[in-house]
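For reference, the structure is listed below as structure tokens.
Coordinate-derived values only; no laboratory data. Treat the numbers as computed from the prediction; the structure is a model and nothing was measured. A quick note on method: Cβ atoms are made from the backbone with ideal geometry, for glycine too, and the neighbour counts reach across all protein chains shown.
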Amino acid sequence: MNPPAITIQNLSKDFAVPFRREPVRALCDLSLQIAAGEVYGLLGPNGSGKSTTMKILLGLVLPTAGSTAIFGVSSKRVESREAVGFLPENPYFYKYLTGLETILFFGKLCGLSGSTLKDKAHALLRTVGLTDAAERRLGGYSKGMLQRIGLAQALIGDPRLLVLDEPTAGVDPAGSHDIRDLILQFKAQGITVLLCSHLLSQVQEICDRIGIMHQGRLLTEGRLDELLNSHAKPEWTLENASPELLAQIEVLAGKAGARIVEKAQPQTDLERYFLEVTRGTH
Amino acid sequence: MEPINTFSSGAANTVPRHRLFSWLRVWALAHNTLLELIRLKVFYFLLLFAFLVIGSSIFTVKFSFQNPIQILKDVGLGAMSIFSWLLGLLCTANLIPKDLEDRTLYTILAKPVPRFEYIFGKLLGVFGMLIIAILLMSALFAGVLGLREQQELAELAANTPQDQLAAAMAEVRASAFQANLVPGIVLILIKALLCSTLTLLLSTFATSSVFTMLTSVIIYLIGHVQGVAREAWLSGGDVSPMLKVLSAGVALVFPDLQLFNVVDEIAVGTLLPAALFWQVAGFGALYTLVYFLLAQIVFATREL
């Protein structure tokens, strides 16, 4: 049986604070498994521990307790990163390099060289739509272009797992839509994606499963459809409904023993669910 | 944004298996660091050096009563020593903090790159830059010195009586650029490499590049005065064991940079004994290696 793409077991992390005896607990007994081929959304407000989890997973920070593994290889071992492509939030690459030089540089770090590397770099630049800007220095790239070059560098090592931290942060809606399409293509290719994003509607569209973190703890996690269905109340969005029709619906609901809980403008389901969970009303 | 083309990264998995140490990765990091330093226009520093050397060449012709070639050698070697140290300091202090601040470090270390390769690559890049800088400075120095030599010889030919001409010319040639300057230039390079490695060590745990630079400058100054201070303290008859231990500790932690002052002797034409050259070079190489290993240990455990 293939090992899960990500295994997190009883993970805790304390950060020492200068001039304070008590450390700050960033993560508390976090356990999580992400199967190969899944698209998993890790959600949570700022400071909830998402970035710390990712950093431990990538070996950038050591855990205080617990362990993490990528495809069965401990994150403490450099080999675990062979299977990973990572796009940090708001990436700033070397401004003095061109787009092509950036991809070639990261390719060499993955052990690629020669014509294999060059062919791959050009193919990836095509994939993210940056062929025309390949010879331009990154100092002149827009935010969306930087995000796309970030995706290309994450893909250069043929990763089986992509860790994307706010991949659409600061990107305009069209660019954001393009990145969403790319993630769906990764999913179709069987690449596991761990996605951290505040764009909940997009997470809802893309992810198979989600986990919601708050104050270093995983409050809830599971399949998106299950989580949302179990909490859903029937909701209709009517167009051209006259006040008489609405009055009749209210009467009928009353007769059937149903209660109208809320009358409001439509809201994204996941958004509401997320707010419920993080505000403790779940 | 341009439309995104169909997804295809080319061939199937073409990435070779991970190796514990890879020269390809180290070379990629070193080359990129060198490129960064060159494109950040650090070599403008060398223009200052050029102005100083050429300026002093002109100045010594007009105003000095000493041997102008000798003064030029003093100024040239001194400037080369100061500029290479300063260049190394300014370039190294900001390398890791900048990568950390821009999160480029995360992207690099999220690849299968061991931390020691990252430090090694960065340091090799700085070394490459210093070697290029010293070579350029040496070439310029030798060029200006050669021109002055020709000028001096032409003046001598015009103004010196025939019976004294051969001796006067031999004296000028003896004071110009000679092979014995090369060990001096090598020692200047080793000193710059040592100080850069020390700066890199400081930057592996410092939280700001200003702190790194200031501490590195202070250690540089301590390195230059510690020998004299130690001699002065310990020359008195009644020296406490505590002071002796403290003195030994300072001598061990901070490099005795005064040893590199043998370059001043080379500038006045003294031939450096091979044993002394190797002793000073070995001392510099040993401290460089120790600081490099300490930087590796500190960075290996640093939370990023």
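General observations
- Among B:Ala154, B:Thr215, B:Leu289 the positive-end extreme of the charge dipole of the protein assembly as shown (Cβ point charges): B:Leu289
- Mean Kyte hydropathy of -0.5 or more with a Cα span along the axis of at least 24 Å, helices from DSSP in chain B: B:44-63, B:68-93, B:115-159, B:181-205, B:209-235, B:274-300
- Of A:Lys55/A:Lys108; A:Lys50/A:Lys263; A:Lys143/B:Lys111; A:Lys95/B:Lys111, pairs whose Cα-Cα distance is over 30 Å: A:Lys50/A:Lys263
- Phi-derived couplings, Karplus 6.51 cos²θ - 1.76 cosθ + 1.60 at θ = phi - 60°, listed residue by residue for the range A:90-98: 6, x, 10, 8, 5, 5, 7, 8, 7 Hz, with x used for Gly and Pro.
- Residue among A:Val84, A:Val73, A:Val261 with the largest mean-square fluctuation in a Gaussian network model of chain A, springs linking Cα atoms under 10 Å: A:Val261
- Reachable lysines from B:Lys244, criterion Cα separation under 22 angstrom, eight or more residues apart if same chain: none
- Dipole magnitude (debye, nearest 20) for the protein assembly as shown, charges at Cβ of Lys, Arg, Asp, Glu: 740 debye
- Annotation: the antiparallel percentage among DSSP beta bridges lying fully within the range A:6-278 is about 55.
- Looking at the protein assembly as shown alone, DSSP beta bridges between its own residues are antiparallel in about 55 percent of cases.
- Helix A:243-255 and the longest principal axis of the C-alpha atoms of chain A enclose an angle of approximately 80°.
- The spacing between the range A:206-262 and the range A:5-41, judged by their C-alpha centroids, is 31 Å.
- Choice from A:Pro88, A:Pro243, A:Pro167 with maximal GNM fluctuation in chain A (Cα, 10 Å cutoff): A:Pro243
- Here the range B:23-300 has an Rg and Dmax of 21.9, 76 Å, counting Cα atoms alone.
- If you take the Cα centroid of the range B:268-289 and the Cα centroid of the range B:156-235, the two points sit 12 Å apart.
- Those aspartates and glutamates that a straight Cα-Cα span of less than 19 Å connects to B:Lys191, excepting residues fewer than 8 apart in one chain: B:Asp74, B:Asp256, B:Asp264, B:Glu265
- Cβ charges +1 (Lys, Arg) and -1 (Asp, Glu), total dipole of the range B:23-300, debye: 900 debye
- For the range A:178-196 versus the range A:46-105, the gap between their alpha-carbon centres in whole angstrom: 17 Å
- Under Stokes-Einstein, with the Kirkwood radius over Cα pairs as Rh, the value for the range A:6-278 at 10 °C and 1.306 mPa s is 76 µm²/s.
- For the protein assembly as shown: span of alpha carbons on each principal axis (Å, largest first): 131, 64, 49
- Cross-link partners of B:Lys122 among aspartates and glutamates (Cα-Cα below 19 Å; sequence separation of 8 or more within a chain): A:Glu101, B:Glu36, B:Asp99, B:Glu101, B:Asp102, B:Glu303
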